1. Restricting to region 179-194, what's the tally of residues that are free of Cβ contacts under 8 Å to residues at least 24 places away in the same chain and not hydrophobic (A, V, I, L, M, F, W, C)?
2. In region 206-241, what count of residues is obtained for those that are touching a residue at least 12 places away in the same chain (Cβ under 8 Å) and among the acidic types (Asp, Glu)?
3. Take residue 149 and decide whether it is surrounded by fewer than 14 Cβ atoms within 10 Å (Cβ to Cβ), among the aliphatic types (A, V, I, L, M) and under 20 Å from residue 76 (Cβ atoms).
4. Counting just the residues of region 79-101 that are part of a strand (DSSP E or B) and not hydrophobic (A, V, I, L, M, F, W, C), which one comes out surrounded by the most Cβ atoms within 10 Å (Cβ to Cβ)?
5. Hey, residue 112 hits all of (1) over 17 Å from residue 217 (Cα atoms); (2) touching a residue at least 24 places away in the same chain (Cβ under 8 Å) but one; which does it fall short on?
6. In the same structural domain as residue 32 (by TED's automatic domain parsing) and aliphatic (A, V, I, L, M): which single residue out of 101, 54 fits that description?
7. Is it true that residue 76 is among the aliphatic types (A, V, I, L, M), within 15 Å of ligand 1 (Cβ to nearest atom), outside any loop (DSSP other than H, G, I, E, B) and modelled with pLDDT of 90 or more?
8. How about region 20-41: which of its residues are outside any loop (DSSP other than H, G, I, E, B) and either out of contact with any Cys (no Cβ under 9 Å at 6 or more places or on another chain) or surrounded by 19 or more Cβ atoms within 10 Å (Cβ to Cβ) (or both)?
Amino acid sequence: MGAFTLIPFGLHLKSNQVVDVGSVQNGIKCDCICPSCKTPLIARHGSIKEWHFAHQSRDVKKKTEKPCDYSFAVSVRLMMKQLFEEGAMLCLPSYSKSLSATIPGSKHPYSHRYTLTEEKVVQFDTVESELMRNGVMVDLVLKIGSFELVVYITYDGRRIPEQLKSPENNSGVIEFNVMSLMQAFEETKSGQYKDALIEFLARSHTGKYWHYHPREGRFQQRHDEFVSDNKETLLADIDTARGIYQNTNIYTGPATHTKTTEIANAPQKTLTTSKQQSRIYALEKGSESVYVLLGSQKASYENGEGFRENTMGKYTDFRESMLHLCIKCEHRWEGKSNLCNQCQNFEYTRSVF
Ligand SMILES: [Zn+2]
Ligand SMILES: [Zn+2]
């Protein structure tokens, strides 16, 4: 299954069921049409390529209005709908998200990463396809009780629309990238793609990405309340960090060496074990309590930079006790420079003190 021109599922005319190429007769006797462009299909039970459907002839293909580029994705969507109608299970990945709120009386935001849902396997009551949500035609709408899950299918050249990332009706929104099926399909013998898809949907979280979870609103509200209730503590925390950082000239753009003498005067603190642990945690995963200085944005575990991450470029005037980690080669070191001793590069380095 190298390309989208290889079609795993066809629409069987007599039964009006979506079927995999392994469950029909070889050749034109398959009695199937392309679910995308309705051209008659030919089943290819070959010994070299993976079994697949192909459009019946070039002449017929020419007659169809558009080239049939989406047949792989369309056929997978139709098969998914049929499978969910038959009670197929869907493994949903866990979802964690960093939520942010401005601390009242200041311009500082405070962020925290919350787990909105753990990984779970779900069976749905109803399934519908091709409905409009937020002005977008979505692929599947699955319901279980009052919970609605919108599934948007993506592949190279088709990305999830921005509108779906903040849905009006509080549905969950999950992206399913059908390219992730390629490997499972390549390993499937004799065109048994239906079973392969059932297995993949129920067990794998590969290719599935949350874009919105209905709990997000409630968690945001809770986060806002927390920030409001704890504003003094949070602000004091920021001031402490800033007091140390101001001397290192971090907030004024690319690193310069003009204020190096002041660094030596910055408060020296004896680190307790738990502080040491939180520094290491910040280096490895990011943290809400320790500032991390990035060699470049490439060193951020977030998309772009997290709240407590600042890009500073190459720097060679840190204190000797500064901890560094290069996330490219995983080298760690302590010292005055954020240049990775192994890569001789600062772009992937994270630093804390
Ligand atoms: Zn087609
Ligand atoms: Zn390195």
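1. 3
2. 3
3. No; evaluated as a whole, the condition is false for this residue.
4. 95
5. (1)
6. Exactly one of 101, 54 is in the same structural domain as residue 32 (by TED's automatic domain parsing) and aliphatic (A, V, I, L, M), namely 54.
7. Yes, satisfied.
8. The answer is 20, 21, 22, 23, 27, 28, 29, 30, 32, 33, 41.
The values are calculated or read from the model by the stated rules, or taken from the named source; none is laboratory data. Fair warning: this is a prediction, and the values are worked out from it, not measured in the lab. All Cβ positions, even for glycine, are placed from backbone atoms using ideal geometry, and neighbour counts span all protein chains on display.
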